[in-house]
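Written out below as C-alpha cells is the structure these notes cover.
The values are calculated or read from the model by the stated rules, or taken from the named source; none is laboratory data. Just so it is clear, the structure is predicted and the values come from calculations on it, not from any experiment. So basically every Cβ, Gly included, is an ideal-geometry build from the backbone, and we count neighbours across all protein chains shown.
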Amino acid sequence: MKSTWSVGIDIGGTFTDIVAVDSATGETRMGKVLSRPDDPVAGITSACHSLGLELENVGDIMHGTTMATNAIVENRLQPTALVITEGFADTLEIGRQNRRELYRLSVTPRVAALVPPDRRVEARERIDAEGVTVTPLTDEEIKRLTAEVEKLGVESLAISLLHSYVNGEHESRLADSLRDSVPYIALSHELNPEPREYERTNSTAMNAALMPLVARYLARMKTVMESSTGLHLFHSAGGMASVEAIQTRPLALALSGPAAGVTAGAEVAGDIALDNVITFDMGGTTTDVSIIADGEVPISSNQRMAGYPVRQMMVAVETIGAGGGSIARRDGKAIRVGPDSAGASPGPACYGQGGTQPTVADANAILGYIDPDRDLGGSVRLDIERAERAFKPLADAFGKTIPETALGVRRVANANMARALRRVTIEHGADARTCTLLAFGGAGPMHAVSLAREFGIETVVVPRFSSAFSALGCITAEMRYAEQRPVHMPSASWDADGLGEIVDRMRYRLAEPLLGAKVGEGDLRTEVVGLVRYSGQSDTVSVMLRQPYQAETLNAEFRKLHDRLYGFSTDEPWELDTVRVTVKAPPAYELSSLGQAGTSQRLDKLTTRECWFEGHGKLETPFYDRSKLPLGVQIDGPMIIQDDWSTIVVEPGTEASVDGSGQIFIRVR
Amino acid sequence: MTTQIDPFTVEVIRNALTAVAEEMSLVIMRSARSPLLREAGDLSSALTDASGGLIAQGRDIPAHLGIMGATVQAFLGRVPAGQLQPGDVWFLNLPEVGGNHLPDVKAIRPVFSGTTLQAFAVCLAHWADIGGANPGSYVPDARDAWQEGLRIPPLRVFTRHGVDREKLDVILSNVRGAEEREGDILAQMAATRAADGRLQELFARFGVATLQAAIEDIHNQAEAEMRNAIRELPDGEYSGEDFLDNDGITDRKIAVRVKITIREDTAVFDFRDSDDSATGPLNATPYTAAASVFYAMKAIAGPDIQPSAGAARPVQIETRPGSILNPPVSSPVVGGNHETSQRVVDAIFKAMEAAVPERLSAGGSTTSGLLLFSGIDPRTGKWTTLYEVHGGGEGARCDRDGYPTTRPHMSNVMNTPAEVIEKAYPIRVERQALRSGSGGRGKHAGGDGQERRYRILAPRMVMTSMVERCVVPPYGLQQGEPGAPFRISVERTDGSCMQIAGKTHIELFEGDCVIMQSSGGGGYGLP
C-alpha cells in the first residue's frame, strides 16, 4: 500500500535537508544528512532513511536541488553548439564589452564564452525588429545548417536568431529539421522572448548545456522510485514544476534551492501576517538575501550567475560573498573582513581541519555563542583554543583583547552584510525600517539580531524548521506556472480588449498542466502583473493588473508606485512593456496544518555559559533547547537558543518570545 | 577636540558611506530616461566631506570618479558655503570649475545636520545632448568652448520648495530632447535626495562628532595605504610619452609627456613637458589629468586603496598653464575627457615599464571609439541620436593574452545591443564580430578588436566620430608588437569605399554602410 507520507527535500552543496509530513495524521518530521554530490539519488534515499521512511513508498516528493546551480557555478556544463544569425557568431565573446573589475587589471575582463568558436554556426537569414523577414531562411540553408551541426557531434544545441522574440518562425523551422540528429535543442524565442541578443543567446546556450545533465538525473530518479510516486521539482521562480516541464527548461532550476527558502519565507510571512520581510540565509561562504513585500515572492528576470547573464524569471535572491568563513585581516591601520573566505576547506580555525586564519565563525566561538560540547552536523567539534590562537595576532596589532577583537570582527562582518542588504532593499524600493528580518539556514540566526541592529530593523523572526527551511518551502509551496511576454502597449494607444485576449491565451496555456485529479478549474488562482515604465525608461515598475484592464486604473497605480520608488512621477506617456501571468494551484500542505511544535510547559535551561556582547562585556548567559521552549513564553536577553543544527544569539536588551505555532520572535528595540 | 574612535567603528561607517554612494547610482540608473544612462550606465556618484574631500564612491566610471572632489572644491570657490541651504540641488558642467567636459553634468546637494554643513552628495550623469553645433554635442572641429554646448555655471535648480522652473526652462531650451533631459535631471535630483536621507540616518545613529572623526580616519587610512603602495615601487625617475593622433582640426600628433619621481612614499607626476593646448576639442582639464593619475596609481600600485581625499596627499601633479592638460578656459574639451585622459594613463604606463613591467598591461584600445548617428527615423518621423562607444582589444600582460573587445582603463561604458539599436534607430547592424588578427603579436598576444557594420535605413543621417588610435596604434610592452590601428570606413551605395578620419562629421544616405573596426591590443614580450 502506498504510504501517506509526502517529503520535501532540498539538496544543497553540503547538506541534504528533509521535511516529511504524514497526510493522514499531520505528523511532521525534519532531518538533515550529508549530501552525496557523486550520487544525489543516494543522498535522497539516506535522507528518507534518517526519518524512518523508504523512498519507494513515499507518496509525493517535492524536490529542490542545487544541481543546475552547481553545474553553472563550477562550469560543468555539457558541450553545446550554437546556431546564430550570420555575422553574429562572436556575440557571446563580445558580450556588453565592459570589464568586471575597474582597477584589478590582472583579472580577465569577462568570463569565457559559453560556446567556443568551433561550435558556433552562422545561419543565412534575417528578420527585422518588426518581425518582417529581410532574408528568408531557405530550405537549402536549413539542409546545409543541419549537416554542419551534425558534423559537430554534440548532444546539445542552442538556436538564437536575431529578433526571434517577435518572430520565431526561423528558429522553429530549423529546430524541426534538427530534432532527429540532436537530442537536446533550446530555442531562444521560447526561453527568453525579449530583445538583447547577448543575454538571450547566453541564456539559451546555458539551458541547452543543462538539458542532458538534468535529463539523466531525472531518469535515474524515476528508476529508483515507484511509478506511482509523484516527483515535482522546485523551480527558480518559486513554485513546483513537473518533470516534463523541467526537461525542456532546466535553466528553471538555476536557483531552485534558494527559491524554495524564499518561498517558505513568503508562506511564513503570510501565516503570521508580516507585510515586508527580508530573508536572511547565511552559510559558510555566501549569504542569500531577498525582499518579500506583501507576502509576494520577489521575481526578477535579469540576474547573473557565475558572471553570465541569466534571463529567466527567478526569485530575486541576492547572493553576498560573505559568510561564517570570511577571513578578518589587518590592512595598515584598518580592519577588513572578507572577501577572502576559508570556505569549507580548510574552514574556520575552530573546526580544527587545518584553518589558521581568523574568521567570523571563530569570532562566534570565542564569544561563547556555541556550546563546545555539542556536535556540529555529526563529526565536527568546536576547538575554541584554535580560534583564539588565530585571533591573537590581530588582537595584538590593534592593542585589544581577543574577545574585544572578536566582537569588532562581528560588527564589521555585519556592516559588510548591511551594505549588501541596502543594495537589495533599494532595488526593490523597500524601506528597511519597516521590514522584519527572517533568519534561517546554518548561521543566519547567529547574526540576525546584530544585523537587525546595524540596519535599524525592529523584529527578527526565526521560523520553525529554520535549519531545513528550503525543504519546508518545497512541501508547502503552491504549484505554480508563470510566463511573461513583451507587449509594448503605449498609454496613448491603450487596447484593453487586446490585452485581455493576450492574458487569456497565456492563462489557458499555463493552467493546462496544473489541472488534473486533485485540482479543478475552480481551485486555480491567476495573477496578472504589468511591467510598466515611462516611455524611454529602462527599468520597469511591477503593477498588479485587474480586469477590465483600464488604462486609468493602471495609470494611477503606476504613478503612485513610481513616486514611492523614485521620489517623483510625471504626467508623461508611459507604456506597458511586459505582462507576466502566474497561475497557481493550492499547495498540498498548508504551513499551519503541519504538526505541532514544542509542548513543554516549563522553561528549563540547558546550561549557563559566559558569553561576550557588544557594549556589555562578559555576561552569564543561559542556553535553551529550542524544541523544549514552551509556546507563548517571553524571555529577556541575553540568551542562546539552540536546536540540533543552529544557534540563535539573543543579545542583551532584546526580548525573545515563542508564538502559538513555535515561531521565535525577537524584539530588537 | 578629536573624538577617539576604534577601527571597527571606522570600518562600519566606511561601509555605510560607500553604501550611500552606491545607492545614488542605483537610483539614477533605474529612473533615468536616456539609454546612455539606463542602458550604458554613463554616470557616477560620490560623497565628499564639507570641504570637498572625497569620502566614498560607487562602482562607476574612473574618468568621472577622479574629478568629483575637485568639482565640489571648485564649486565652493564660486559659491561660498554660507549661501548653501538644506534642500538645494546645484547643477553645473563648466570644465574650469573642477570639471571635465560639458556633457557630464554634476548635481551637487549640500547635506546638513541641523544648520551645519556636513557633506556633499554628488551625482554626475552624461547627458546625451548638451546643445552645441551637432546633435549629441560632439563637435570634432570645434575651435572654442562655446561651440560645444550649453555652459552651466553653479546653478541652484532645486531648493527645499521644489524645482526652480525658470532655471530649468533655460537649460531645457538649450538642449535637444528636452523631455528626456528633464527625466534625467529629476533622476539626478532623486539620487542626491536618497543620499541625504541616508546621511541623516547615519548622523542620528552615530552622532555627527563620531561620523566626522571616522571620516578623518578614512582619509588617514587611505593616505597610509597610498604611501605603502608607493613605497613598494622602486625609487627613481621614470619618463614616458604617448601621442594623440591629432586634434580633429590640425593633422599633427600631440604629445602627452610625464616624468614620474618616486621617492620613498611620495610620487610626483610632472606633465609640464607636454605639448601646448590644441586648437580642436582634445584638450583635457588638469582635473581630468588628476583623475587619470589616480586611476593609474590604483591600477598599478593598489586596487584596494579607498578612494578618498587622503589617497591624493602623497601624490603631487604638475601641469603647465597653456598646455594640452591645462588649457585656456576658451578651449574646446569634449574629446579630451575620454581620449586625452587615456593618453595620460598610457604615458604613465610606458614610463613605469622601466620599473614594474610585470604589473602593467600593454596598450589597449584606449579610445571611446565613439560614433554618433543622428537623423529622422522614417518609421516615427522623430529625430533620434545613437551614441555608441566601441571597445577593442585589451593589451597583453606578462602572464596572459589580452582579452578581445573590452573597454580599457578610464571608461567602462557598455555597448548597445544590435536588437535595441534596430528597434530604436533607422539602422541595421549587419555584423558584430571579432576583428581576427588585430591583436599585436608577442609572447602573449594582444586581444582582438571588433568589427561592427551599420547599414543606414533612413533617407539621410549624419555621423560624428571621436576616435583615437587610428594613427598611433596601441603599443606593445617588453618588445611585444603593437595592435592594429582603429579604422572606420564608409561603403556607399555606388560601391565605393573610403576610410574616414577618426574625428570627423559626415553625411550618410540610405543604403550606406559604416564599417567600424576597433583597434587590437598590444602584445607583451618577444613573439
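Exactly one residue out of B:Arg198, B:Arg156 is within 24 Å of B:Met68 (Cβ to Cβ), of a type in the set (D, E, K, R), modelled with pLDDT under 95 and over 24 Å from the mean Cα position of the chain (by Cα): that is B:Arg198. Count of the range A:383-399 residues, restricted to those that are in a helix (DSSP H, G or I) and either in the same structural domain as A:Ser542 (by TED's automatic domain parsing) or not aliphatic (A, V, I, L, M) (or both), is 9.
Hey, does the range B:373-380 have a residue that's touching a residue at least 60 places away in the same chain (Cβ under 8 Å), in a loop (DSSP other than H, G, I, E, B) and more than 8 Å from every other protein chain (Cβ to nearest Cβ)? Yes, there is a match, as at least one residue in the range B:373-380 is touching a residue at least 60 places away in the same chain (Cβ under 8 Å), in a loop (DSSP other than H, G, I, E, B) and more than 8 Å from every other protein chain (Cβ to nearest Cβ). For the range A:1-45, residues that are among the aromatic types (Phe, Trp, Tyr) and either under 24 Å from the mean Cα position of the chain (by Cα) or at positive phi (or both) total 1.
Looking only at residues of the range A:385-401 that are within 14 Å of chain B (Cβ to nearest Cβ), touching a residue at least 24 places away in the same chain (Cβ under 8 Å) and under 12 Å from A:Pro358 (Cα atoms), we find that the one that is surrounded by the fewest Cβ atoms within 10 Å (Cβ to Cβ) is A:Leu394.
Per-residue answers, yes or no, for (1) surrounded by 24 or more Cβ atoms within 10 Å (Cβ to Cβ); (2) out of contact with any strand residue (DSSP E or B) (no Cβ under 7 Å at 6 or more places or on another chain); (3) among the hydroxyl-bearing types (Ser, Thr, Tyr); (4) away from chain B (no Cβ under 14 Å):
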| position | (1), (2), (3), (4) |
| --- | --- |
| A:Ile44 | yes, no, no, yes |
| A:Ala47 | yes, no, no, yes |
| A:Leu55 | no, yes, no, yes |
| A:Asp60 | no, no, no, yes |
| A:Asn70 | no, yes, no, yes |
| A:Glu74 | no, yes, no, yes |
| A:Ile84 | yes, no, no, no |
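Residues in the range A:325-345 that are farther than 14 Å from A:Pro393 by Cβ, under 31 Å from the mean Cα position of the chain (by Cα) and surrounded by fewer than 24 Cβ atoms within 10 Å (Cβ to Cβ): how many? Here the count works out to 8.
Kindly check whether there is at least one residue in the range B:404-411 that is modelled with pLDDT of 95 or more, at negative phi, within 25 Å of the chain's Cα centre (by Cα) and at the interface with chain A (Cβ under 9 Å from one of its Cβ atoms). So far as the range B:404-411 goes, yes, one or more of its residues are modelled with pLDDT of 95 or more, at negative phi, within 25 Å of the chain's Cα centre (by Cα) and at the interface with chain A (Cβ under 9 Å from one of its Cβ atoms). Against the conditions (1) at pLDDT below 95; (2) buried (at least 24 other Cβ atoms within 10 Å of the Cβ), B:Ala347 satisfies every one except (1).
Might you check whether a residue that is outside the structural domain of B:Arg469 (by TED's automatic domain parsing), assigned to a loop (DSSP other than H, G, I, E, B) and crowded, with 21+ Cβ neighbours inside 10 Å occurs anywhere in the range B:386-396? No: zero hits. Quick one: is A:His189 in contact with an Asp or Glu (Cβ under 8 Å, 6 or more places away or on another chain), within 22 Å of A:Glu244 (Cβ to Cβ) and part of a helix (DSSP H, G or I)? The answer is yes for A:His189.
A single entry from A:Pro348, A:Pro358 fulfils the requirement of being surrounded by 24 or more Cβ atoms within 10 Å (Cβ to Cβ) and either modelled with pLDDT under 90 or outside the structural domain of A:Leu619 (by TED's automatic domain parsing) (or both): A:Pro348. Just one residue in the set A:Glu122, A:Glu101, A:Glu130 is among the acidic types (Asp, Glu), modelled with pLDDT of 95 or more and surrounded by fewer than 21 Cβ atoms within 10 Å (Cβ to Cβ); that residue is A:Glu122. Restricting attention to the range A:134-146, the residues being loosely packed, with under 14 Cβ neighbours inside 10 Å and within 14 Å of chain B (Cβ to nearest Cβ) number 1. Looking across the range B:381-403 at every residue that is under 16 Å from the mean Cα position of the chain (by Cα) and touching a residue at least 60 places away in the same chain (Cβ under 8 Å), the one that is farthest from the other protein chains (Cβ to nearest Cβ) is identified as B:Tyr387. If the condition is being farther than 17 Å from A:Tyr198 by Cα and within 8 Å of another protein chain (Cβ to nearest Cβ), then the range B:412-438 contributes only B:Asn412.
Of the helices (runs of 4 or more DSSP H) lying entirely inside the range A:400-516, those carrying at least 1 residues that are of a type in the set (D, E, K, R), under 21 Å from A:Glu527 (Cβ atoms) and not assigned by TED's automatic domain parsing to the domain that holds A:Leu367 are A:496-511. The set of residues from the range A:468-518 being out of contact with any Ser or Thr (no Cβ under 8 Å at 6 or more places or on another chain), over 27 Å from A:Ser6 (Cβ atoms) and among the basic types (Lys, Arg) comprises A:Arg505, A:Arg509.
Within the range B:246-255, not a single residue is in contact (Cβ under 8 Å) with a residue 40 or more places away in the chain and closer than 27 Å to B:Gln57 by Cβ. Considering the range B:11-29, and only residues there that are in contact (Cβ under 8 Å) with a residue 60 or more places away in the chain and either at the interface with chain A (Cβ under 9 Å from one of its Cβ atoms) or aromatic (Phe, Trp, Tyr) (or both), the residue that is nearest to A:Thr425 (Cα to Cα) turns out to be B:Glu23.
Against the test of being out of contact with any Phe, Trp or Tyr (no Cβ under 7 Å at 6 or more places or on another chain), assigned to a loop (DSSP other than H, G, I, E, B), assigned by TED's automatic domain parsing to the domain that holds B:Arg33 and crowded, with 24+ Cβ neighbours inside 10 Å, the options B:Ala119, B:Ala142, B:Ala195, B:Ala125 yield a single qualifying residue, B:Ala142. Each residue in the range B:176-185 was checked for being among the aliphatic types (A, V, I, L, M) and within 22 Å of the chain's Cα centre (by Cα), and 1 pass.
When A:Glu101 is tested against the conditions (1) outside any strand (DSSP E or B); (2) farther than 20 Å from B:Glu388 by Cα; (3) within 14 Å of another protein chain (Cβ to nearest Cβ); (4) touching a residue at least 60 places away in the same chain (Cβ under 8 Å), the lone failure is (4). Between A:Val337, A:Val310, A:Val297, the distinction of being within 14 Å of another protein chain (Cβ to nearest Cβ), out of contact with any Pro (no Cβ under 7 Å at 6 or more places or on another chain) and touching a residue at least 24 places away in the same chain (Cβ under 8 Å) belongs to A:Val337 only.
Checked against (1) at pLDDT below 90; (2) in contact with a helix residue (DSSP H, G or I) (Cβ under 6 Å, 6 or more places away or on another chain); (3) closer than 25 Å to A:Ala511 by Cα, A:Val224 passes all but condition (3).
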